[in-house]
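Contents: one structure, followed by commentary.
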Amino acid sequence: MGNFTPYKKKCLGILGACLVLFFSIYLAFISPPKDFPTGRYITIEKGLTIAEAGEFMKDKKLIRSDLFFRPLIYLFGKTDKVIAGEYKFSEPMNLYSLVKIVTDTEFKGRSVRLTVPEGLTSKEMGALIGDKFLGFSGDDFWVKAKGREGYLFPDTYILPVTYTIDNIITRMTDNFTAKIAPLREKIIKSKYTLKQVVIMASIVEREARTLETRKKIAGILWKRLDAGMALQVDAPFGFLLNKGTSEITSADLKIDSPYNTYRYKGLPPGPISNPSFSAIQATVDFTPSAYLFYLSDPNGIMHYAVTYAEHLKNKAQYLK
């Protein structure tokens, strides 16, 4: 009993020392810095190692020291890596709380609502994007995205402002794959490849507006293609020359380009726009008919003809 008091004092002394040590460690390494960047957006770039992310966060005054950053990632992180993205903190956070946030795969930064209308080219998409995202311009997008022309599905997207061009292209092409899934079996069973369907759909998109009309025009164009005739459609000139169909001149029709369907038979070498589901569906579920020719009058009404002579009559009557 006489030895208990000194032992108790020793235990209390050790406990006190531990508390002082823990508090000192907390103040020196765990607690938020005094100048923590509250209310500001901080972007953690993609590809940083844990060590590099720790140094970055220390430089940005998010943490006091990166000494315990890596161990806490492995002990308490939701993943074993730092998730790239843009972060905004409404209040100062200690290292433990910060680790939980920056290893959470759920995006917490600013987002961009991007509505892509049907039938735009990748260049027109670039103009639409402009400077909405961090790190690249609309022109940068067009340069990279034009290689995926036709497969960038028109839709409304909610995307992180830190998305890269590759991120956006992947999101749009994945959406394309998902949206045309109901048509996959019909495409496989048809005599046309997916590429041919998308090219034709990109033309049909710009040649007509309603599903019914698109189906009829798709049937005519497939028929012309199968017969070895030139498609002779104006839509590719919008892609080739950045012109509307009403602006096309007789000189334009003589341009030596594989996209000139007046000079070259067959489909153009690639899509001339990014077609809607409606245009793709019309191209797959086209309406067969006896017609080989069509034209749209100034009011947007379609007129069809079986023979070229009938087509010339329609031109004389409706395109005065």
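The values are calculated or read from the model by the stated rules, or taken from the named source; none is laboratory data. All values reported here derive from a predicted model rather than from experimental measurement. Virtual Cβ from ideal backbone geometry, glycine too; neighbours counted across all protein chains shown.
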*Those residues that are within 20 Å of SER111 (Cβ to Cβ), touching a Gly at 6+ places or on another chain (Cβ under 9 Å) and among the aromatic types (Phe, Trp, Tyr), I need them from the range 138-162; list them, please.*
PHE141
*asked:* Quick test for you: out of ASP139, ASP166, ASP131, pick the one residue that is closer than 23 Å to GLY270 by Cβ, over 12 Å from the mean Cα position of the chain (by Cα) and either of a type outside the set (A, V, I, L, M) or crowded, with 16+ Cβ neighbours inside 10 Å (or both).
replied: ASP139
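Filter the range 106-128 down to the residues that are among the hydroxyl-bearing types (Ser, Thr, Tyr) and within 12 Å of the chain's Cα centre (by Cα), then identify the one that is surrounded by the fewest Cβ atoms within 10 Å (Cβ to Cβ). Talk me through it step by step, then tell me what you get.
Start the filter on the range 106-128 by keeping residues that are among the hydroxyl-bearing types (Ser, Thr, Tyr), which leaves 111, 115, 121-122.
Next cut, within 12 Å of the chain's Cα centre (by Cα) only: 115, 122.
Working: THR115: 9, SER122: 23.
So the residue we want is THR115.
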_Just to be sure I understand the filter: pairs with C-beta atoms under 6 Å, separated by 6 or more residues or on different chains, first member in the range 247-262 and more than 18 Å from MET229 (Cα to Cα), second member at pLDDT 80 or above. Which pairs pass?_
ILE248/ASP234; ILE248/PHE237; ASP252/PHE237
*Residues (surrounded by 16 or more Cβ atoms within 10 Å (Cβ to Cβ) and under 17 Å from GLU45 (Cβ atoms)) located in the range 74-97*: VAL82, ILE83, ALA84, GLY85, GLU86, TYR87
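Can you pull out the residues in the range 288-320 that are charged (D, E, K, R) and in contact (Cβ under 8 Å) with a residue 12 or more places away in the chain? If you could, list the steps in order and put the result at the bottom.
Filtering the range 288-320 down to residues charged (D, E, K, R) leaves 297, 310, 313, 315, 320.
Within the range 288-320, ASP297, GLU310, LYS315 meet the criteria.
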_Can you list residue pairs whose Cβ atoms sit under 7 Å apart, with the first residue in the range 31-48 being exposed (fewer than 11 other Cβ atoms within 10 Å of the Cβ) and the second being modelled with pLDDT of 85 or more? Count only pairs 6 or more apart in sequence or on different chains._
ASP35/LYS61
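Please determine, by comparing only the residues of the range 182-199 that are closer than 14 Å to ILE272 by Cα and within 22 Å of the chain's Cα centre (by Cα), which one is surrounded by the fewest Cβ atoms within 10 Å (Cβ to Cβ). Can you show your working first?
Start the filter on the range 182-199 by keeping residues that are closer than 14 Å to ILE272 by Cα, which leaves 195-199.
Next, from what is left, pick out any that are within 22 Å of the chain's Cα centre (by Cα): 195, 197-199.
On the way: LYS195: 14, VAL197: 23, VAL198: 25, ILE199: 24.
The qualifying residue surrounded by the fewest Cβ atoms within 10 Å (Cβ to Cβ) is LYS195.
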*Does SER289 satisfy being farther than 20 Å from ARG206 by Cα and surrounded by 15 or more Cβ atoms within 10 Å (Cβ to Cβ)?*
yes
_Can you name every one of the helices (runs of 4 or more DSSP H) wholly within the range 153-223 that holds 2 or more residues which are at pLDDT 95 or above and in contact with a Lys or Arg (Cβ under 9 Å, 6 or more places away or on another chain)?_
165-179, 194-207
*How about the range 229-320: which helices (runs of 4 or more DSSP H) wholly inside it have at least 2 residues that are more than 20 Å from LYS195 (Cα to Cα), outside the structural domain of PRO154 (by TED's automatic domain parsing) and among the basic types (Lys, Arg)?*
308-318
_Please verify whether THR103 is touching a Gly at 6+ places or on another chain (Cβ under 6 Å) and surrounded by 17 or more Cβ atoms within 10 Å (Cβ to Cβ), treating the condition exactly as stated._
yes
